[in-house]
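Reviewing the structure listed below.
The values are calculated or read from the model by the stated rules, or taken from the named source; none is laboratory data. What you are looking at is a predicted structure, and each value in this text was computed from that prediction instead of being measured. Cβ coordinates were reconstructed from backbone atoms using ideal geometry, including for glycine residues, and neighbour counts include every protein chain displayed. Keep in mind that these areas ignore ligands, DNA and RNA; they rest on the heavy atoms of the full protein, side chains included. Shrake-Rupley method; radii C 1.70, N 1.55, O 1.52, S 1.80 Å.
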Amino acid sequence: HGRRGRSPALQGPLSSSGVREGGEEAGGFEVGPDQCQFCLRRDAAWVSEEALDLHFWKECPLLTSCEQCGQVVEAAGLNEHLLSECDCSKPFRYGPPLGEDAEYVGCPFCQQPLPSDIDGLRRHLAHECAANPRLMEMDQQYQ
């Protein structure tokens with residue numbers, strides 16, 4: 001019984017693209033016990049469930065906390081979450097088209113079009129998106 005089953009209950013492009021129940025695979029390959037199934041970073045401390053959970057909740061650049069309800073969701077799936085899952089949708093904190101347009105597939109942070117392939121999505125959210133709040137926090141930690 002893999003500990004990865006404790007990862008956030010997420011829906012979105014990454015969790016529907018090869019991450020099996022239990023999170024042992026990401027995009028078609030196995031994820032090690034010290035590796036994040038979303039951003040694919042490795043950290044020896046993540047063999048501890050608590051440390052990996054902390055990464056999910058505070059650091060992983062491919063995840064984000066919904067400002068409406070506080071739930072951690074895949075950044076690429078934030079719009080879907082706002083439209084169909086979020087219990088706290090009013091008053092609304094996000095600007096349009098988030099939460100208003102079901103067809104919107106842009107980045108929830110910078111509004112640039114998101115790549116349709118998983119590797120491109122990871123690259124954008126984990127390295128390229130200057131508006132991703134988790135990347136900005138990481139940059140400040142290392143300055």
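Applying the set (1) modelled with pLDDT of 90 or more; (2) touching a Leu at 6+ places or on another chain (Cβ under 7 Å) to residue 99 leaves exactly one unmet item: (1).
Mind checking whether some residue in segment 101-123 is assigned to a strand (DSSP E or B) and surrounded by 13 or more Cβ atoms within 10 Å (Cβ to Cβ)? Yes, some residue in segment 101-123 is assigned to a strand (DSSP E or B) and surrounded by 13 or more Cβ atoms within 10 Å (Cβ to Cβ).
Among the residues of segment 124-140, those that are in a loop (DSSP other than H, G, I, E, B) and either of a type in the set (Phe, Trp, Tyr) or under 13 Å from residue 76 (Cα atoms) (or both) comprise 129, 132. Residues of segment 76-88 that are open to solvent by less than 40 Å² (accessible area, probe 1.4 Å) and either among the hydroxyl-bearing types (Ser, Thr, Tyr) or over 19 Å from residue 124 (Cβ atoms) (or both): 82, 86. Here segment 97-119 is the region considered, the condition is being without any contact (Cβ under 8 Å) to a residue 40 or more places away in the chain and of a type in the set (Asp, Glu), and the residue that is nearest to residue 62 (Cα to Cα) is 117.
Filtered by the rule that a residue be touching a Lys or Arg at 6+ places or on another chain (Cβ under 8 Å), within 26 Å of residue 102 (Cα to Cα) and open to solvent by 10 Å² or more (accessible area, probe 1.4 Å), segment 38-63 gives a lone residue, 39.
Residue pairs whose Cβ atoms lie under 7 Å apart, separated by 6 or more positions or on different chains, with the first residue in segment 45-56 and closer than 15 Å to residue 72 by Cα and touching a residue at least 24 places away in the same chain (Cβ under 8 Å) and the second open to solvent by less than 50 Å² (accessible area, probe 1.4 Å) and part of a helix (DSSP H, G or I), are 52/46.
Of all the residues in segment 16-37, those that are at pLDDT 50 or above, touching a helix residue (DSSP H, G or I) at 6+ places or on another chain (Cβ under 8 Å) and either open to solvent by 80 Å² or more (accessible area, probe 1.4 Å) or in a loop (DSSP other than H, G, I, E, B) (or both) number 6. Screening 76, 130 for residues that are under 18 Å from residue 36 (Cα atoms) and at pLDDT 90 or above leaves exactly one candidate, 76.
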